[in-house]
Amino acid sequence: ELRAPPDKIAIIGAGIGGTSAAYYLRQKFGKDVKIDLFERGEVGGRLATMTVRGQEYEAGGSVIHPLNLHMKRFVKDLGLFTIQSSGGLMGVYNGETLVFEESSWFIINMIKLIWHYGFQSLRMHMWVEDILDKFMRIYRYQSHDYAFSSVEKLLHSLGGDEFLGMLNRTLLETLQKAGFSEKFLSEIVAPVMRVNYGQSMNINGFVGAVSLSSADSGLWAVEGGNKLVCSGLLQASKSNLISGSVMYIEEKTRTKHTGNPTKMYEVIYQIGSETRSGFYDIVLVATPLNRKMSNITFLNFDPPIEEFHQYYQHIVTTLVKGQLNSTLFSSRALDKFDLSTILTTDNSNLFINSIGIVSSVTESDNPQPLTDRGYVWKIFSQEILTKEQILKLFLSYDYAVKQPWLAYPHYKPPEKCPSIILHDRLYYLNGIECAASAMEMSAIAAHNAALLAYHRWNGHTDMIDQEDLYEKLKTEL
Ligand SMILES: Cc1cc2nc3c(=O)[nH]c(=O)nc-3n(C[C@H](O)[C@H](O)[C@H](O)COP(=O)(O)OP(=O)(O)OC[C@H]3O[C@@H](n4cnc5c(N)ncnc54)[C@H](O)[C@@H]3O)c2cc1C
Ligand SMILES: CC(C)=CCC/C(C)=C/CC/C(C)=C/CSC[C@H](N)C(=O)O
């Protein structure tokens with residue numbers, strides 16, 4: 001039996017988490033509920049583009065895994081188009097020399113990998129595939145409307161103690177225990193962690209596996225920019241966008257139209273210099289909760305809502321249109337240098353994490369040089385690059401733009417993930433980033449929070465935190 005739906009729901013943050021939450025909440029609660037979506041910056045959040053010479057390039061979340069089924073579904077439902085992200089040839093630089101270089105010939109590549117690392121690359125692929133297989137169970141659970149009240153319970157339902165163990169150990173410990181060699185770890189695994197999460201192999205094993213899955217083939221992006229998914233979901237959910245900054249959330253008792261006193265949440269926000277507020281039955285917070293990022297204060301909650309202190313990693317994306325100084329990486333003649341992505345090993349003397357040629361958001365494979373003065377290169381670094389550093393990397397360049405980010409959590413296992421249920425009808429999505437930060441993870445958290453809010457509103461406790469779901473759903477077939 002269903003209760004009357006809530007009158008008003010607030011979502012704070014219009015990134016992929018907030019906009020997909022609006023989409024799923026509309027599916028569950030129906031057309032009559034009013035959904036307000038608060039955004040203080042741009043719709044898309046960490047999905048954003050930067051412009052170089054009139055062309056747009058992904059500056060934040062850029063690649064999507066072929067098995068990221070929520071993102072795939074959004075693109076289909078919204079009538080958007082995809083483009084394939086082909087990485088081209090990759091090399092690994094250790095500060096002195098290229099310790100590994102891909103070949104364009106599949107068979108030569110295999111021989112090179114086996115020559116350098118034995119069968120470790122294949123074993124690694126199998127390790128990641130096994131984790132992905134278990135991870136995919138979430139789609140089944142969510143399609144049957146099951147929800148979880150904590151990130152740990154969600155992960156446990158997918159991969160049992162193995163997944164929880166991965167949260168509590170570093171990737172390095174996990175892979176050393178599995179017998180991978182120091183050489184393979186430092187020359188292949190560490191560079192992948194640096195390009196994706198700007199961190200070392202001391203991140204937790206789960207995010208490490210997510211990061212390694214980005215080495216799979218078939219990665220894709222949304223034509224026109226990944227942020228189009230957010231604006232599409234916002235529109236499809238028929239939510240009301242409020243371009244303001246939420247400052248406080250307070251619990252208050254209000255007398256509703258039924259005449260009954262009801263506990264509600266007052267959301268107090270600022271538009272320019274004006275302060276306004278609104279009352280809501282349910283609130284979803286879809287932005288990392290810390291002072292530097294969202295700066296939201298919870299007032300008069302009993303018990304009080306804890307302060308969140310998750311430290312987010314500072315990363316800078318720089319786009320440069322220019323001609324790479326390939327002699328920095330290799331003694332090979334300029335016209336013989338065919339790498340399009342250079343990753344780096346964990347060397348504190350290096351001032352970049354990675355550098356690679358990028359296509360614009362409208363270009364499929366094979367990016368073309370904009371003029372004879374070169375391609376557009378994307379560089380990830382810990383700090384803003386100085387002009388001298390850019391001049392070291394490029395023989396000449398004629399355009400550079402930068403975007404600093406508080407990009408993703410600074411992972412430090414054992415991870416204790418923040419609660420999803422902050423209060424009776426107040427939910428937090430971004431706690432899932434403590435396991436791994438990726439577009440699909442935010443979409444999964446959004447679907448889960450929408451289901452959780454719906455079942456708790458209607459008292460459907462049997463749909464929350466069900467144990468042995470995998471076995472139950474298997475026998476249901
Ligand atoms: C450089 C970079 C590269 C990445 N690459 C990839 C990738 O290739 N693939 C991948 O899957 N993931 C990638 N990610 C991760 C991915 O982008 C994020 O995990 C995802 O976009 C997070 O979405 P979100 O909606 O949860 O948070 P956000 O996108 O951060 O959205 C939160 C929103 O809330 C708003 N907000 C904050 N505080 C308030 C307030 N008080 N009031 C109102 N609004 C507020 C913010 O302005 C923001 O728009 C990358 C991230 C970065 C930074
Ligand atoms: C959630 C699952 C199962 C898979 C996601 C895999 C994936 C696409 C991970 C990438 C995560 C990430 C934070 C990448 C940042 S850098 C991306 C890219 N190399 C770039 O150059 O922008």
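Screening Gly278 on (1) under 22 Å from Ser359 (Cβ atoms); (2) of a type in the set (Gly, Ala, Ser); (3) over 25 Å from the mean Cα position of the chain (by Cα) shows it passes everything except condition (1).
Filtering the range 131-145 for residues that are under 29 Å from Cys230 (Cα atoms) and among the acidic types (Asp, Glu) leaves a non-empty set. For first residues located in the range 274-295 and over 17 Å from Tyr24 (Cβ atoms) and among the aliphatic types (A, V, I, L, M), partners that are modelled with pLDDT of 95 or more and assigned to a loop (DSSP other than H, G, I, E, B) and lie 6+ apart or on another chain with Cβ distances below 8 Å form the pairs Leu289/Ile296; Leu289/Pro418; Met293/Thr287.
Just give me the residues in the range 305-315 being of a type in the set (A, V, I, L, M) and in a loop (DSSP other than H, G, I, E, B), in sequence order.
Keep residues of the range 305-315 that are of a type in the set (A, V, I, L, M), which gives 305, 315.
If the condition is that a residue be of a type in the set (A, V, I, L, M) and in a loop (DSSP other than H, G, I, E, B), then Ile305 is the only one that fits.
Here's the yes/no breakdown for (1) within 15 Å of Tyr470 (Cα to Cα); (2) more than 15 Å from ligand 2 (Cβ to nearest atom):
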| position | (1), (2) |
| --- | --- |
| Lys112 | no, yes |
| Ser121 | no, yes |
| Asp130 | no, no |
| Met136 | yes, no |
| Leu158 | yes, no |
| Asp161 | yes, yes |
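Condition first: away from ligand 2 (no atom under 15 Å from the Cβ), surrounded by fewer than 19 Cβ atoms within 10 Å (Cβ to Cβ) and among the basic types (Lys, Arg). Can you find one or more residues in the range 49-65 that meet it? Yes: the range 49-65 contains one or more residues that are away from ligand 2 (no atom under 15 Å from the Cβ), surrounded by fewer than 19 Cβ atoms within 10 Å (Cβ to Cβ) and among the basic types (Lys, Arg).
If you take the residues of the range 267-304 that are among the charged types (D, E, K, R) and assigned to a loop (DSSP other than H, G, I, E, B), which of them is nearest to Leu422 (Cα to Cα)?
Pass one, the range 267-304, residues among the charged types (D, E, K, R): 274, 276, 281, 291-292, 302.
Still in the list and also assigned to a loop (DSSP other than H, G, I, E, B): 281, 291-292, 302.
Details: Asp281: 14, Arg291: 17, Lys292: 20, Asp302: 11 Å.
Top of the filtered list is Asp302.
Scanning the range 180-218 for residues that are over 21 Å from Lys412 (Cβ atoms) and more than 14 Å from the chain's Cα centre (by Cα) gives Phe180, Ser181, Glu182, Lys183, Phe184, Glu187, Ile188, Ala215, Asp216, Ser217, Gly218.
When residues of the range 193-222 are filtered for being away from ligand 1 (no atom under 12 Å from the Cβ) and either in a helix (DSSP H, G or I) or hydroxyl-bearing (Ser, Thr, Tyr) (or both), how many remain?
To start, the set of residues in the range 193-222 that are away from ligand 1 (no atom under 12 Å from the Cβ) comprises 193-194, 199-206, 208-209, 212, 215-218.
Keeping just the survivors that are either in a helix (DSSP H, G or I) or hydroxyl-bearing (Ser, Thr, Tyr) (or both) gives 193-194, 200, 205-206, 208-209, 212, 217.
Summing the residues that are away from ligand 1 (no atom under 12 Å from the Cβ) and either in a helix (DSSP H, G or I) or hydroxyl-bearing (Ser, Thr, Tyr) (or both) in the range 193-222 gives 9.
Given the criteria modelled with pLDDT of 95 or more, within 22 Å of Asn448 (Cβ to Cβ) and within 15 Å of ligand 1 (Cβ to nearest atom), does Ser245 qualify? Explain how you work it out, then say what you get.
Values: modelled with pLDDT of 95 or more: yes; within 22 Å of Asn448 (Cβ to Cβ): no; within 15 Å of ligand 1 (Cβ to nearest atom): yes.
No, not satisfied.
Within the range 5-44, restricting attention to residues that are surrounded by fewer than 24 Cβ atoms within 10 Å (Cβ to Cβ) and within 19 Å of Ala407 (Cα to Cα), the residue that is nearest to ligand 2 (Cβ to nearest atom) is Gly44.
Across the range 74-133, what is the total count of residues that are out of contact with any His (no Cβ under 9 Å at 6 or more places or on another chain) and assigned to a helix (DSSP H, G or I)? Outline the logic, then answer.
Looking only at the range 74-133, we keep the residues that are out of contact with any His (no Cβ under 9 Å at 6 or more places or on another chain), and these are 74-98, 101-131, 133.
Within this subset, residues satisfying the condition of being assigned to a helix (DSSP H, G or I) are 74-77, 106-117, 120-131, 133.
Qualifying residue count, the range 74-133: 29.
Of the numbered criteria (1) part of a strand (DSSP E or B); (2) within 16 Å of ligand 2 (Cβ to nearest atom), the one Tyr248 fails is (2).
Please verify whether the range 180-187 includes one or more residues that are surrounded by fewer than 16 Cβ atoms within 10 Å (Cβ to Cβ) and assigned to a helix (DSSP H, G or I).
Here is the first cut: in the range 180-187, the residues surrounded by fewer than 16 Cβ atoms within 10 Å (Cβ to Cβ) are 181-183.
Subset that is assigned to a helix (DSSP H, G or I): 182-183.
So far as the range 180-187 goes, yes, one or more of its residues are surrounded by fewer than 16 Cβ atoms within 10 Å (Cβ to Cβ) and assigned to a helix (DSSP H, G or I).
Scanning the range 248-270 for residues that are in contact with a Ser or Thr (Cβ under 7 Å, 6 or more places away or on another chain) and not hydroxyl-bearing (Ser, Thr, Tyr), which turns out surrounded by the fewest Cβ atoms within 10 Å (Cβ to Cβ)? Restricting to residues being in contact with a Ser or Thr (Cβ under 7 Å, 6 or more places away or on another chain) and not hydroxyl-bearing (Ser, Thr, Tyr), the top hit is Pro261.
Hey, any hits in the range 190-202 for a residue that's buried (at least 17 other Cβ atoms within 10 Å of the Cβ) and closer than 30 Å to Gly79 by Cβ? Yes - at least one qualifying residue is present in the range 190-202. Note on the range 123-158: residues that are farther than 30 Å from Leu113 by Cα and of a type outside the set (Val, Ile, Thr) amount to 20.
Exactly one of these conditions fails for Ile83: (1) buried (at least 16 other Cβ atoms within 10 Å of the Cβ); (2) farther than 26 Å from Tyr197 by Cβ. Give me its number. Going through the list (1) buried (at least 16 other Cβ atoms within 10 Å of the Cβ); (2) farther than 26 Å from Tyr197 by Cβ, Ile83 breaks only (2). Right, Gly54: at positive phi and away from ligand 1 (no atom under 16 Å from the Cβ) or not? Judged against the criteria, Gly54 is a match.
The values are calculated or read from the model by the stated rules, or taken from the named source; none is laboratory data. Here the structure is a predicted model, which is why all the values come from computation and not from measurement. Positions of Cβ are generated from backbone atoms using ideal geometry, with glycine treated the same way; all protein chains shown enter the neighbour counts.
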